[in-house]
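All of the numbers you see were taken from the coordinates with simple rules; none came from a lab. Small disclaimer: the values here were computed from a predicted structure and weren't measured. As a convention, Cβ positions derive from the backbone with ideal geometry for all residues, glycine included, and neighbour counts pool all protein chains shown.
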Amino acid sequence: MAPEDYAEVSALSLPVSLIVASGTPDNVEFNDDHGQVLPLDQVALRAIGRLPLSTSGKTHLAQLASLWRSKLDVDAPAEIPLEMADTANSRGKVLEWLVVQLTNAQQQSAQRSTRFMRELGLLRQQHEEIQASFQNLEQFVYRHGPQHRKLETTLSPVSGQLPITLRNGSRLVQRLPGSSVGLSDIAIQISNETPPSEGVLNVSLLSPDTGETLAIWEVPAARLTNGWLRFSLDRALGPDTISLMLNLSYHGRETIRLASAVQHPEPRFHPEVDGQAVETLPALQIWRWIAGARAPVPANAFIQVGGKNRLRRVERETLATAINLDTLHDTVPLFQSGDALLVHVLPDRTACGILAGLAWPGARQVFASLLTRHAEAPPVEYQLALLPQDQRPHQPGRMPAFDPALSSGWIPLQPEEEGQAHVLLPEPLACPHDIYLMTRLPQGQSSNHYGWSTFSNVCLQF
């Protein structure tokens, strides 16, 4: 209503709130019946109609209608005819008009609600379809894409630093440096020359911000060997930043020693061992991946308890450790692209690289991609096989006899023909096995020129 009509409208004692529109057409101010200023968007939601009780009020509200269209791009609320309000029974007439407007408003609101629910249902359906598409894309890349979790931080062991010793019942708590976003793997380094005879190392990742335990890993004593121990998450942590604490507790015979890195100047990053602060940080490595997304677990990593990620891929750094059977101490080179192991076919015997102890207990299938990477190479036969780690030959060049159930058999391929070798195990492995990657020339062939025979994408299914 216009300011000049406020007193008369108030006298009608209408069962609705009143809004006064005052000012010029270019600068209208709205106030409720308590004098509080209201923004235009609130007025647009609350207004039922325009109520002029005088000619000047009608003119004022007509100017408001043009403002309404220019600012909100919709028609102004309906206006009660002046002749209807200018009667002896003006309150009754106004109430009748209000009932009609409220009824129309409720009908329009119901229609909007119905339309909104329908559109919300369509939006939810489209959202689910988009999610399903992204899951399919993630699954495809997860199984076939050359993706690797990225090593971001390494706190390397420092020569001369005393290791951190954990005895039976000892516990170490370490605040992790850096952001939590996308964290996918953590590694610590064991300094023991030989593993303990029995026991278990329990590792957990938790957030003091939420009080939530994010992951738990268990490492039996036999796996506490000298070197890095890597712990992988099923999925990288999400985009919300939280504080992270790494908790290690050891229960078993003898002791385990953790390699030490730098001394941190900030006390909040000092690890605690059995409640006592230690200035020296344990050696750590931290990997990251796309926040909230999956990537294949490295073949040499421990998966979290209850993890559903069953595919493990041999990463480049592990592939480069393959032992040459001819010497048992040299390594087999990587192909120049760095993504494949070059088991160069030999003219007079079988060439072989060994991935030591990489097929862990529980593995059900091992497979690898095969390719001879030169058009002028001879035909090459490939074989993938498994052998218990404790049966590895001690004499260089001696080829062991493989159980046919643990071998792919020989697979002949022409130059630049892509292939795969699969070992489908009759039952999950019960002990660690070496993976043997072998090549040879077919019978009748003697030249190995350009015999760039390679294994890549070596994976284990658990």
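Some observations on this one:
- Largest to smallest principal axis extent of the C-alpha atoms in the range 316-461, angstrom: 42, 30, 30
- The C-alpha atoms of the chain define a longest principal axis, and helix 55-72 lies at about 10 degrees to it.
- The ellipsoid that matches the Cα gyration tensor of the range 202-279 has semi-axes, each √(5λ) in whole angstrom, of 22, 19, 12, with the longest given first.
- Once the gyration tensor of the Cα atoms in the range 1-133 is diagonalised, the equivalent ellipsoid follows with semi-axes of 35, 18, 12 Å, ordered largest first.
- Amide hydrogen neighbours beyond the local backbone of S170, cut-off 5 Å, H modeled: Y250
- Here is the size of the range 176-220 from its Cα atoms: Rg then Dmax, 13.6, 38 Å.
- Under the Karplus curve 6.51 cos²θ - 1.76 cosθ + 1.60, θ = phi - 60°, whole-Hz ³J(HN,Hα) for the range 376-383, x wherever Gly or Pro sits: 9, 6, x, x, 9, 9, 10, 8
- Compared with the dominant Cα axis of the chain, that is its longest principal axis, helix 90-144 is turned about 10°.
- In the range 352-397, inverting the average of 1/r over every pair of distinct C-alpha atoms gives 13.5 Å as the Kirkwood radius.
- Phi to ³J(HN,Hα) by Karplus 6.51 cos²θ - 1.76 cosθ + 1.60 over the range 195-203, Hz, x for Gly, Pro: x, x, 6, 7, x, 8, 9, 9, 10
- Mean Cβ count within 10 Å, highest first, over the residues of peptides 346-356, 439-449, 394-404: 346-356, 439-449, 394-404
- Within the chain, longest stretch clear of exposed GluC sites (Glu not before Pro) (DSSP loop, no more than 14 other Cβ within 10 Å): 1-192
- The chain, helix-only ellipticity at 222 nm - DSSP H runs n ≥ 4, -39,500 (n - 2.57), divided by all residues, nearest 500: -6500 deg cm²/dmol
- Residues whose amide H comes within less than 5 Å of that of V297, counting only those at least five positions distant or on another chain, are L311, R313 (H built at 1.01 Å from N in the peptide plane).
- Close amide H pairs (under 5 Å, H built 1.01 Å from N) link R50 with A78, E79, I80, residues at least 5 positions away or on another chain.
- Förster radius 35 Å - calculated FRET efficiency between N168 and H264 (Cβ-Cβ, nearest 0.05): 0.80
- Rounded to the nearest 20 debye, the dipole magnitude of the chain is 1020 debye, with +1 charges on Lys and Arg beta carbons, -1 on Asp and Glu beta carbons, and the Cα centre as origin.
- Neighbourhood charge, 15 Å Cβ-Cβ cut-off, centred on V380 and excluding it, Lys, Arg +1 and Asp, Glu -1: -3
- Couplings for the range 424-432, taken from phi via the Karplus curve 6.51 cos²θ - 1.76 cosθ + 1.60 with θ = phi - 60°, read 9, 7, x, 8, x, 4, 9, 8, x Hz in order; Gly and Pro are left as x.
- Mean silhouette area of the chain, derived from the convex hull of its C-alpha atoms and averaged over all directions, reads 36.0 nm².
- Note: the range 150-308, Cα convex hull, 112 Å³ per residue.
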